[in-house]
Every structure is written in structure tokens, then in C-alpha cells.
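This report refers to the structure that appears directly beneath it.
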Amino acid sequence: MKNYLLSIVLLIFVFSSCKENKTEIKTAAITHQKIPEPIPFNAAVFNKKIDSLIALMTIEEKIGMLHGNSMFANGGVERLGIPELKMADGPLGIREEISRNSWATAGWDNDFATYYPAAGAVAATWNPELSYTFGNSVGQEARARNKDMLLSPAINIIRTPLGGRTYEYFTEDPFLNKKLAVPFIIGIQNNDVMACVKHFAVNNQETNRGTVDVLVDERTLREIYLPAFEASVKDANAYSLMGAYNKFRGDYLCENDLMLNKILRDEWGFQGIVISDWAAVHSTVKSLKNGLDIEMGTPKPFNEYYLADKLNAAYKAGEISEEEINKHVKRILGVLFQIKAIDGKNRTKGSLSTEAHFQDSYNVAAEAIVLLKNDKNILPLKVDGIKSIAVIGNNATKKNALGGFGAGVKTKREITPLEGLQNRLPKEINIKYAEGYLERYLKNENDQKEKVTLHGPTTVNKLDKATLDKAINAAKNSDIAIIFAGSNRDYETEASDRQDLSLPFGQDELIQKVMAVNPNTIVVFIAGAPFDIGSVKDKASTIVWSWFNGSEGGNALADVILGKINPSGKLPWTMPKNINDSPAHATKSFPGNKTVEYKEEFLVGYRWFDTQNLEPLYPFGFGLSYTNFEFSDLKTNKATYTEKDTIQISFNIKNSGKIDGKEVAQLYVSKPNSIVKRAAQELKGFQKILVKSGTSEKVTLQIPAKELAYFNVIKNNWIVEKGTYQLKIGNSSRDIKKEISIKIK
Ligand code: BGC
């Protein structure tokens with residue numbers, strides 16, 4: 001964390017306050033906050049108080065704490081001053097209040113919240129300080145809504161681009177994942193609210209998520225799927241985790257002794273609580289003994305939960321001891337004391353939907369947008385002389401705070417791309433909006449009522465002639481055309497995986513037809529996951545990638561298009577040319593049926609593409625800027641290190657262009673002639689840095705040599721292999737600028 005000492009206010013360009021919408025959002029006033037150390041958590045300090053409460057509790061009261069007594073809270077013990085533990089989804093911001101007994105809205109009018117960019121966007125910032133800003137901001141909102149636990153962050157590895165929750169997760173890479181998860185959790189928990197890190201673990205697909213048994217070898221588990229969870233516990237002191245729906249090596253994750261007792265507690269020293277995903281529990285005694293603390297679920301009488309009346313019966317039958325029950329109650333009391341929910345003085349009060357939080361949301365959004373192509377330098381758009389702009393595509397007006405299956409945010413502000421342009425463009429420019437494609441779905445045979453569908457929505461891909469004609473006309477008769485395509489949160493959704501990578505709703509045809517009539521066409525994708533945009537890449541000169549990008553997403557996008565923000569986002573995953581190039585698909589090991597075996601092993605994401613020498617459509621870590629950066633003077637502080645050392649790597653980045661900009665320097669490491677099978681290269685460090693036009697900045701990365709270790713299954717331990725390593729600095733996984741070798745002795 002000490003790497004990120006840029007705790008100053010960085011002004012990239014001129015301040016510009018917007019004219020409309022009364023928003024005070026400042027363009028490019030991106031505040032970098034120093035990431036604090038996590039608050040110490042030692043549950044034992046509360047032991048005395050916990051023991052005296054336990055001594056006063058009946059067995060029924062104890063059991064009441066171990067299961068939901070409403071949709072988003074367990075039972076409290078009012079007479080002893082033990083409150084319910086109140087939870088809220090989730091990763092996009094604080095979900096609206098749900099009824100106590102069903103998924104219906106509680107109908108409040110004071111639960112409007114800030115809609116923050118989805119995790120994919122956070123990852124695309126490659127900026128841990130912004131991840132902290134986000135966590136801290138949403139943590140304040142959680143407190144303002146009087147919550148004790150935020151069901152966030154969601155940090156499962158993106159194993160397949162088709163995963164329905166790709167937009168909700170950060171990345172395909174375990175290093176980037178942990179570097180973003182840790183500050184996010186610290187940010188949330190700084191506000192006397194627990195982060196609930198989910199979904200523990202190997203929950204990498206939605207298809208059959210409630211039943212599928214994930215078979216993943218030990219080395220892959222340790223190197224790819226667990227590091228961010230481990231760092232959440234060890235480096236961020238996460239107070240809670242959510243057990244996943246699926247099985248792992250034969251046992252459901254909410255009753256998985258290996259994961260919950262042995263790895264999480266015995267190995268990592270976790271002292272917090274494990275709650276179940278909603279309706280992910282399948283047993284009483286086994287769940288409790290194997291490490292689950294609270295069962296949460298979907299509507300049915302709460303006393304029918306596995307950890308309710310059934311637990312009482314098991315206790316009475318002598319199948320489970322009071323001591324075992326006490327163990328779980330104590331853990332819950334420990335975290336309630338820690339967040340000052342019991343006995344708390346000066347607990348954070350928080351604030352909701354404030355201008356400051358919209359600014360936080362804007363800051364993340366602005367740094368998340370990725371420039372994919374700018375061959376004719378159309379961007380940044382020079383408005384002088386432009387009289388008309390055709391804004392085309394349903395995504396220009398589509399809102400994504402809500403939608404699909406799963407948690408969204410009820411918000412008073414979601415600036416769409418069209419509104420962003422209206423806010424930011426000079427009034428004289430005539431904006432002609434045309435919907436272009438219609439968002440239409442075929443009813444899936446299996447899509448209703450079932451919690452999990454076999455596959456995601458089926459779309460109608462034939463364009464509507466009248467709608468298309470209007471778009472073509474608008475494009476033909478405008479100086480510039482901007483198409484907003486991609487997907488939305490009804491199409492990318494929890495509980496199902498997408499069927500393929502194709503652009504929905506006939507967008508490919510629309511884009512080609514608009515480009516044919518207007519050579520100055522900018523294509524903007526808004527999506528949370530990779531799509532097949534190969535034919536667009538072939539023909540378009542200008543491509544921008546944005547996300548489900550929060551309350552201020554439209555303003556941020558307009559600021560990038562107009563050059564008030566110099567884009568600095570980088571893809572947090574590989575965009576394949578073809579789905580069958582992706583590792584889970586190339587190995588025919590997705591989605592499985594009763595079991596899914598991760599046959600690609602640790603070659604997930606770019607590790608696979610680089611090792612197999614497969615060219616992706618866009619590589620991991622890729623993103624252009626409106627300026628150019630040059631890397632030079634790569635050095636290490638020594639030539640040879642021991643495994644206990646920290647490798648210090650320094651280099652210069654020069655901004656040789658005309659405007660200021662931020663670059664993400666990425667360090668990839670290879671181990672030539674390794675004694676074990678390895679990926680061609682792995683990300684082991686990165687830093688985002690502002691470099692002013694015409695100047696250079698020196699970057700120094702500190703890489704503990706132990707980061708170079710692989711997991712040795714025989715020794716059941718991390719081993720730093722001796723010998724030569726190749727350190728490569730670049731600005732994407734496929735654009736390595738300089739290399740240097742070091743030795744580990
Ligand atoms: C999701 C969780 C979510 C929970 C409560 C489940 O379906 O998997 O991520 O927190 O519902 O809404």
C-alpha cells in the first residue's frame with residue numbers, strides 16, 4: 001500500500017463545472033486518498049463481555065442469532081441489548097430496503113442511494129486508491145441506512161467471459177483482484193460496518209450454481225481462486241465472508257470443512273463470521289460443525305431454516321452440543337462489538353446520496369473508461385465547427401442501476417450517455433437522438449420463477465426497419481455519429497450465464513450501416529463483460545469501452561469524449577476473438593453438469609492466451625490514452641535476491657504528447673526453464689501514475705520476492721524457485737516495453 005503514496009489532489013485538466021442538472025461534479029478533480037491500515041481486529045478483546053452475555057442467553061435466543069429472522073437480518077436478543085445484524089446488498093451501492101418477509105420493496109421513500117460503478121469498472125481503473133474511495137463512500141451510505149454488514153465486495157475470478165456476474169466481479173487475474181479487494185474492504189470497514197466478501201469460493205459460473213460440484217486442483221485453487229480471499233482476511237481484516245452456492249470437491253461451500261474450518265480459520269486465522277448465500281444451506285449439524293455461522297435465505301417461514309427449529313431439534317437429540325452453538329454465537333457477538341453495534345460509542349453515522357458520494361462515483365467512472373481505438377484521432381472530439389451530432393443506440397438512454405436478477409440500486413441520479421452529452425456539449429450543437437436498435441427478448445422456455453436459468457436471455461436480433469432508418473438518417477445528416485451499443489443489466493445478469501459473445505439486438509448490423517454513411521463514427525460500448533466486437537474493430541476508427549458506470553457514468557463518458565478526461569482505463573480481462581479461444585471453452589470444461597472440472601488449471605485469462613500463443617482481440621491490461629508514454633531506464637536495486645528480499649524495480653515514464661495523462665505501468669514476470677509448468681507470464685505489480693505533458697516520472701515498484709512463488713502441492717506450501725526470472729514492464733500484457741532479468745539464490 002505504501003506504493004500508492006500519491007495522496008494529493010491531482011488536477012488533470014481544467015476544472016469545468018457542468019451547466020445543467022445542478023450537479024457539482026468536477027471534471028477530473030480526482031482526489032487520491034492514502035489507503036489506511038485496516039482497523040485491528042482481535043475478537044479476543046471482547047471475550048469477557050461476550051461470555052457474560054452468553055451466560056444470560058437461552059438456547060432459543062442463541063439459535064435465533066444463527067439464522068435469518070427476516071430477509072436481511074438475523075435474530076437479535078432485545079432484552080440483552082443485542083441487536084439484529086442488519087445486512088444490505090451490495091456491490092453497486094446500497095440496495096433499496098426490502099420487506100422483512102419477501103423480496104418485495106419495503107416502499108420507503110428515504111432509501112435512495114448513490115449508484116456506484118460496477119466492479120468491472122473499478123478494476124479497469126487499476127487504481128487501488130479509487131477502490132478505497134469507493135469502499136469508504138459506500139460504507140458511509142451503509143451506515144446512513146443503519147446497516148451493519150454490506151454484502152460486498154464480490155471477488156470471484158472471471159473464469160469465462162460468459163459468466164453472468166462478470167460485471168459484478170473485478171478481474172481474471174488474482175494479483176489485480178487482491179490489490180483492489182483489500183483497499184475496498186478497508187474502506188467499508190472504516191465506517192463501523194462489516195464488508196462481507198463473497199462468494200467463498202470457486203463460484204465462477206451461474207449455470208447450475210446451486211448444485212454444481214467444482215473440481216479444481218490444489219495448485220490452481222491456491223494460485224488463482226483463493227489469493228484475493230486470503231488477502232481479504234490477512235491484509236484487510238475482513239469481518240465476514242459469504243459462503244457460495246456451489247459445491248467444492250463434493251461438499252457444498254456452506255458446509256465445507258476444508259474451506260471454512262481448515263483453510264479460512266486454521267490457516268488464515270479468520271476471526272469473523274461466515275454467512276450463507278441466500279438459500280445456499282443444505283444441512284443442520286454438518287453446516288454448523290463445518291464452519292457456517294449464519295444461515296440466510298429466501299422466503300419461507302424463517303423457523304424452517306436448517307439453523308432454526310431443526311437446529312433446536314438436533315441440540316435436543318444430542319447431535320450438537322451447546323458448546324458448538326456458543327462458538328458461533330460468540331463469533332457473531334465479536335463482530336457486533338467490533339463494529340460498535342453493541343456497546344458502541346461514536347459509531348459512524350454516515351451519509352447517503354450526497355454530492356460528495358456522487359463525486360466519488362464520478363471519479364471511479366472517469367478512470368474506468370477504456371479507449372480501445374483512435375486511429376483517426378477523432379477523439380478527443382474538437383467541437384469547433386461541429387454543428388450536429390447523431391447520438392444513436394438504445395444504450396444512449398438505457399439505465400442500469402436496476403435490472404436483471406439480483407441486487408441493484410434505487411437512485412435519484414443516473415446520468416445516461418445522452419444526458420451526459422447534453423450536459424457537456426455547447427448548446428449550439430444539434431444533438432439528434434435515434435434509438436437505432438430495440439431492446440427485445442424472446443421469452444426463454446426456462447427463464448421465469450426458477451432461481452437459476454439454464455442460460456441467459458435470448459434476444460431478438462433483427463433490426464426494426466423504421467428504427468434503423470431513423471438512425472441512418474440522423475447519421476447521414478450529422479457531422480459526427482456516436483453509437484452507444486453493448487449490453488445492459490437485463491442482458492448480463494446474475495443467475496444465468498450468457499449463451500455466446502455476440503452483440504445483442506442486431507447491433508453489429510446497425511453499427512456497420514451507420515459507419516457506412518458517416519465516416520466520423522465513434523462506437524461506444526457499454527457492458528460489463530467481453531463481447532465479440534471483432535467486426536467493429538476491423539472497420540471502426542474509434543472505439544471506447546465503458547461500463548455500468550454509476551450515477552455519473554454519462555457525465556464521465558462525455559468528459560472522455562470531449563477530452564476533459566484523458567482516458568486511463570485498462571481492460572481487467574482478456575477480450576477473446578472467439579469464445580473457443582478462452583481457456584474454459586478451449587478445454588471444453590464449461591459449464592459441466594453435475595461437476596465442472598477446471599481443466600485449464602491455472603492458465604486462466606491471459607495466462608492461457610500468452611502460454612498458448614493465441615492472439616486475443618484485446619489483451620488484458622490494454623487501454624489507450626490521448627497522449628503517448630515512453631518507458632526507459634529500467635533498473636533493479638540488485639541483481640540477485642533471496643526469497644526474503646523485496647525486489648525494487650524502477651523506471652521512468654515520459655509523457656511525450658501534448659496533454660497530461662495517467663498511465664498504468666504493469667509488471668509481468670516469467671520464469672524461463674522452470675522446474676514446474678508455469679504460465680508464460682504473470683502480473684506481479686502495477687502502478688497508475690499521472691505524468692504531465694513533456695515531463696517524466698520515476699516509478700518504483702516494490703515486489704516481495706515471495707510474490708514469485710508457485711504453490712507446491714507436495715510440500716503444501718509456497719516455493720520460490722531459485723534461478724533467473726525475467727521482469728517485464730509494459731502498458732498491457734501484450735505491450736512489453738522493457739525487460740530485465742534477476743536471480744533468486
Ligand atoms: C447473491 C448474493 C446476494 C444475495 C442477497 C444471492 O442471490 O448470490 O450475491 O448478496 O443473493 O441478495
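The values are calculated or read from the model by the stated rules, or taken from the named source; none is laboratory data. All of these numbers come straight from a predicted model, not from anything done at the bench. Using ideal geometry, Cβ is built from the backbone for each residue, glycine included, and neighbour counts are taken over all protein chains shown. Each accessible area value is taken on the protein alone, full model and side chains, heavy atoms only, with ligands, DNA and RNA left out. Shrake-Rupley method; radii C 1.70, N 1.55, O 1.52, S 1.80 Å.
The table below lists the values:
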item: Which numbered condition P153 misses (of (1) open to solvent by less than 10 Å² (accessible area, probe 1.4 Å); (2) away from the ligand (no atom under 16 Å from the Cβ); (3) under 14 Å from the mean Cα position of the chain (by Cα)); result: (2)
item: Matching residues, the range 385-399, being part of a loop (DSSP other than H, G, I, E, B) and open to solvent by 10 Å² or more (accessible area, probe 1.4 Å); result: G385, I386, K387, T397, K398, K399
item: Output for the range 14-53, where each listed residue is surrounded by 16 or more Cβ atoms within 10 Å (Cβ to Cβ), outside any loop (DSSP other than H, G, I, E, B) and at pLDDT 95 or above; result: A43, F46, I50, L53
item: Verdict on K327 being open to solvent by 30 Å² or more (accessible area, probe 1.4 Å), within 16 Å of the ligand (Cβ to nearest atom) and without any contact (Cβ under 8 Å) to a residue 12 or more places away in the chain; result: no
item: Strands (runs of 3 or more DSSP E) contained in the range 190-254 and holding at least 1 residues under 21 Å from P40 (Cα atoms); result: 194-200, 240-243
item: Meets criteria (surrounded by 24 or more Cβ atoms within 10 Å (Cβ to Cβ), more than 16 Å from the ligand (Cβ to nearest atom), among the aliphatic types (A, V, I, L, M) and part of a helix (DSSP H, G or I)) for L258; result: no
item: Sole residue being in a loop (DSSP other than H, G, I, E, B) and more than 23 Å from the chain's Cα centre (by Cα), chosen from G403, G408, G344, G420; result: G344
item: Number of the exception - A104 against (1) more than 27 Å from the chain's Cα centre (by Cα); (2) surrounded by fewer than 17 Cβ atoms within 10 Å (Cβ to Cβ); result: (1)
item: Contacts under 9 angstrom Cβ, first residue in the range 149-170 being over 19 Å from F590 (Cβ atoms), partner more than 10 Å from the ligand (Cβ to nearest atom) and of a type in the set (D, E), 6 or more apart; result: L150/E141
item: Meets criteria (over 30 Å from K564 (Cβ atoms), of a type in the set (D, E) and open to solvent by 40 Å² or more (accessible area, probe 1.4 Å)) for E739; result: yes
item: Condition check for V664: in a strand (DSSP E or B) and at pLDDT 95 or above; result: yes
item: Checklist (1) open to solvent by less than 60 Å² (accessible area, probe 1.4 Å); (2) outside any loop (DSSP other than H, G, I, E, B) applied to E697, failing item; result: (1)
item: Filter result (open to solvent by 40 Å² or more (accessible area, probe 1.4 Å) and among the basic types (K, R)) within the range 700-734; result: K706, K715, K722, R734
item: Within the range 275-300, tally of residues that are open to solvent by 60 Å² or more (accessible area, probe 1.4 Å), at pLDDT 95 or above and not in a helix (DSSP H, G or I); result: 1
item: Hey, I342 touching a helix residue (DSSP H, G or I) at 6+ places or on another chain (Cβ under 6 Å), crowded, with 18+ Cβ neighbours inside 10 Å and over 29 Å from T211 (Cβ atoms) or not; result: yes
item: Options L571, L562, L603: the member that is among the hydrophobic types (A, V, I, L, M, F, W, C) and in contact with a strand residue (DSSP E or B) (Cβ under 7 Å, 6 or more places away or on another chain); result: L571
item: So T166, is it within 15 Å of the ligand (Cβ to nearest atom), modelled with pLDDT of 95 or more and either surrounded by fewer than 24 Cβ atoms within 10 Å (Cβ to Cβ) or among the β-branched types (V, I, T) (or both); result: yes
item: Evaluation of V285 against (1) among the hydrophobic types (A, V, I, L, M, F, W, C); (2) away from the ligand (no atom under 16 Å from the Cβ); (3) closer than 27 Å to N42 by Cβ (one fails), failing number; result: (3)
item: Hits in the range 599-614 - residues which are farther than 19 Å from T171 by Cα and not polar (S, T, N, Q); result: K599, L614
item: Number of positions in the range 575-623 that are of a type in the set (A, V, I, L, M, F, W, C) and out of contact with any Asp or Glu (no Cβ under 8 Å at 6 or more places or on another chain); result: 3
item: Filtered residue count, the range 568-601, keeping only those that are within 19 Å of A679 (Cβ to Cβ), open to solvent by less than 10 Å² (accessible area, probe 1.4 Å) and not in a loop (DSSP other than H, G, I, E, B); result: 3
